[in-house]
1. In the stretch 93-116, how many are surrounded by 14 or more Cβ atoms within 10 Å (Cβ to Cβ) and either over 17 Å from His158 (Cβ atoms) or out of contact with any Lys or Arg (no Cβ under 9 Å at 6 or more places or on another chain) (or both)?
2. Does at least one position in the stretch 186-208 carry a residue that is acidic (Asp, Glu) and surrounded by 12 or more Cβ atoms within 10 Å (Cβ to Cβ)?
3. Mind checking which residues of the stretch 189-209 are out of contact with any helix residue (DSSP H, G or I) (no Cβ under 7 Å at 6 or more places or on another chain) and within 29 Å of Glu81 (Cβ to Cβ)?
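Quick note: the coordinates plus some simple rules give every number you see, no bench work behind them. Predicted model only: the values in this text are computed from it and were never measured. Here the Cβ positions follow ideal geometry from the backbone for every residue, glycine too, while neighbour counts run over all protein chains shown.
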Amino acid sequence: MLIIDLQHKYGGIHKNSTKSSVEFDDLSFEYSGSSEENDINISQKKGTIDEAMKMVDRGDGFGEVEKKLTELTKDDIWGIEHDSVEQCVQFYKNYAKVHGFVARCDEKGYDFNGNLNMRQMVCNREGTQRKKYLEMENRKRDHRPITRVMCQARIRFHYDMKLRKWKVTAFEETHNHDLIPPKYIQFVPAYRVMTEANKAQANSLHDYV
């Protein structure tokens, strides 16, 4: 049922062998990987992914595997394909959240016709602070804490014209800084968002003041 919903909502991520999927929150992504005639289902409870796995024998030599983003290997990442650049961006943002960092969009590339054919995303601690801000004289207030530490973690997607898919062409998973523990990730500004339901509830409180 999850895979049917995914194909209807997102179009999926496709790989060149048996079909598998990756699930986080409300998103599921298909990726290719080896399978052993099993169907592994990972359920969710209250916004977290349940650890329980249910094995089902398909009997046809192929399996549907739902895999948590935290369990993706480097080989899994290299094999992922997306239908759109928006899916690429959303995938890496979700990957970053469960791994304790924040991702941001970086470089773009275009073909001779001006069509977008490359998109790179990096850890938000990539790069360095601008010198002119660090060495500014007559500063009225202290500069903000240094957050850019030249982290090299990144992912790059290129559009394959023949397959009409976005493929991973570069991936670096190593960070040169501490990652955010899962219990604190919700307090990071990038992830500190309110749902529409929470906003409506907050607004309704004004009616009783």
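1. 12
2. Just the residues of the stretch 186-208 that are acidic (Asp, Glu), to begin with: 196, 207.
Cutting the leftovers down to surrounded by 12 or more Cβ atoms within 10 Å (Cβ to Cβ) gives us none.
No, because not a single residue in the stretch 186-208 is acidic (Asp, Glu) and surrounded by 12 or more Cβ atoms within 10 Å (Cβ to Cβ).
3. Ala190, Val193, listed by residue number.
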